[in-house]
1. Could I get the Rg over Rh figure for the stretch B:36-168? Both from C-alpha atoms, Rh via Kirkwood, rounded to two places.
2. What full-extension length gain, to one decimal in nm, is calculated for B:Lys16 and B:Gln42 as 0.36 nm per residue of separation minus the Cα-Cα distance?
3. Below 12 angstrom from the Cβ of A:Tyr289, what's the summed charge of the other residues (Lys, Arg +1; Asp, Glu -1)?
4. So how far apart, in nm, are the two label points at A:Tyr34 and B:Phe67 if each is 7 Å from Cα heading toward Cβ?
5. For the stretch A:279-363, compute Rg over Rh where Rg is the Cα radius of gyration and Rh is the Kirkwood radius from the inverse mean 1/r over Cα pairs.
6. Note down the magnitude of the dipole of the protein assembly as shown about its Cα centre, charges +1 on Lys and Arg C-beta and -1 on Asp and Glu C-beta and zero elsewhere, to the nearest 20 debye.
7. Taking the Cα centroid of the stretch A:232-254 and of the stretch A:153-194, what is the distance between the two, rounded to the nearest whole Å?
8. Can you tell which of A:Gly376, A:Ser305, A:Thr36 lies farthest toward the positive end of the dipole of chain A, using +1 and -1 charges on the Cβ of basic and acidic side chains (Lys, Arg; Asp, Glu)?
Amino acid sequence: MARKPFILRNPSVLVVLAVLAVFTVIVTLMSQAYGTGAIPTSMVKVLGKTLCLALAAVAMDLVWGYLGILSLGQMAFFALGGYMIGQWLMYARTETIVAASMANNPIPPTPNELQQAVASQIFGVVGAADLPLLWSFAHSLTAQLVLMVAVPGLLALIFGWLAFRSRVNGVYLSILTQAMTLALALWLFQNDSGFRGNNGLSGLQNIPGLEHVAQARLSVWFLWASATVLALCYLLAAWLVSGKFGSVIRAIRDDETRVRFLGYPVEGFKLVVFTLAAMITAIAGALYYPQAGIINPAELAPIASIYLAVWVAIGGRGRLYGAMIGAIVVSLLSSWFTGGRAPDLHLPGYTVSWVDWWQVVLGLSFVLVTLFAPKGIAGIFDWLGGAVSPRRQGKDLGPGEGSLTEQEAQA
Amino acid sequence: MDIVTGKTRPDEGEVKFGDHSRSLLKMNEAQIARAGVGRKFQRPTVFEDQSVADNLTMALKANRSPFPVLTWRPSPASDRRVAELAAEVGLADQIDRKAGELGHGQKQWLEIGMLLAQEPRLLLVDEPAAGMTLAEREQTTTLLCRLAETRAVVVVEHDMDFVRRLDCKVTVLHQGSVLAEGSLDHVTRNREVIEVYLGR
């Protein structure tokens, strides 16, 4: 039995990568910096950010759709990635500015004085003047890049080890993950935590060393970076879930106890996937916040992680492209409806203002998708392919009325 | 069975297994399974969303740690072994079907096939014939007898016809202690057994 190469066994991967490439080229050709200018720079940034959210959704799908852990704390990792890269962005940029203003002093500043000046510039807003210990590596891009992956990874590892080891499952685990992100947000909100409290980190759109590059150009560069990283991580995720490893994690999702009796260390598998997903999410966050320009602890609010779960559910969990589609479609729609640009709906006697009503629509569609289309938007592809779901009504698969058709088994 | 496979902790007593008589009480379920104790549940527990081949591949004896599993790739040898196992439990034609599509009896056989793939040294089987048709029972008996040729098999069953067909040593337990032991005819004639189970 000859084996087909990975790409041929997973044609959807090729389609996703091709669509992503075409999308990037089109946006580039319509951008202000490299093309006709039909897409304003702000829109390019929105699209770039959306790709980062899609990446976070892919990671969420690994954890939820494949491993079966409904993590409601993924955005904690996303924001941590953003904070880590933000430290360097803010420090290095402030340093350039401060150095320029101190250059005219009769006596050139010592490195110590320079650092002191940078610290009071950054932390004056929270009434501190010293550089916190947590900013020890902020001057080094390399160090912050390492921390960007290492800190969320370590947090996920420790949290996961504690939670999985005591066999916390299901809704209790979801609540724990939510508590984790809330605790982290509350800590970051404090002025003395060292991350400027509720001011957060700002000015992140200015990349040190690239001051001469216009934002129009930078935004396209970030779009390219986001698309590339999304493509690479998508490939990684698709490879992860394709082989025996994917088989085992889906088995853990469906019947954890049975997998234990097969001899697999279930906790180990959960830890690997959870930690890897946290790292991918952190990278997504590190690419997102320079495009957003600002990060503050509100980004870690539990509601943000719940949105992520809603996107994945609407897009179709248990399928990587479903998560991507869900994140892209729903987050773009969300920003359109809540941005005040959607025209109000005039009903007799009442005017529906989408800014207020969008949440209701989103909530309602989440409920409807969960009840009537558990496969989400990605289910459309099954439907087009002719695979029909049996009406199982909660009964298990098997002979009888609810059995699957042969065609569906191939899907 | 729950105690031996690590699902429940006993209040007292010990469980020793293997050449070095290692205590199983300090090990978790996965470690016990890796040490060579396989377990067949009463209800068929196969992974319904995955194909028969995937189910068997997962059970194949191999390193169970996450990273070796990640880099594990199917080889001609492993494909052959999966096909062999499927044929052995009578599922050669169903190998690409999802396990969820199989009939109840077929699922039981698939689970036995998965246990075979695990190559356990001790196999614990909990009421294997529950819910099976007569023809399915016969095939199950044959399978179990063949299994017992190369390893220790313990079957829990209260269906006397099925036990008779297995033709093996029978141990009668009552509230956790041994009541009688021997051939089926011997234990069914035992006075205490009759008293406890027929309630005279």
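Just so you know, all these numbers are worked out from the coordinates, no wet-lab data involved. Treat the numbers as computed from the prediction; the structure is a model and nothing was measured. Cβ coordinates were reconstructed from backbone atoms using ideal geometry, including for glycine residues, and neighbour counts include every protein chain displayed.
1. Rounded to two decimals, Rg/Rh equals 0.97.
2. Numbers: separation 26, 0.36 × 26 = 9.36 nm, distance 2.41 nm.
Fully extending the segment from B:Lys16 to B:Gln42 adds 7.0 nm.
3. On the way: positive: A:Lys45, A:Lys49; negative: A:Glu299.
Overall, the nearby charge balance is +1.
4. In this crude spin-label approximation the distance works out to 3.8 nm.
5. Values: Rg = 15.2 Å, Rh = 14.6 Å.
Taking Rg over the Kirkwood Rh, I get 1.04.
6. Numbers: 50 positive and 48 negative charges, 141 e Å.
In debye, rounded to 20, the protein assembly as shown gives about 680.
7. The stretch A:232-254 and the stretch A:153-194 have Cα centres separated by 24 Å.
8. Farthest along the dipole direction, towards plus: A:Gly376.
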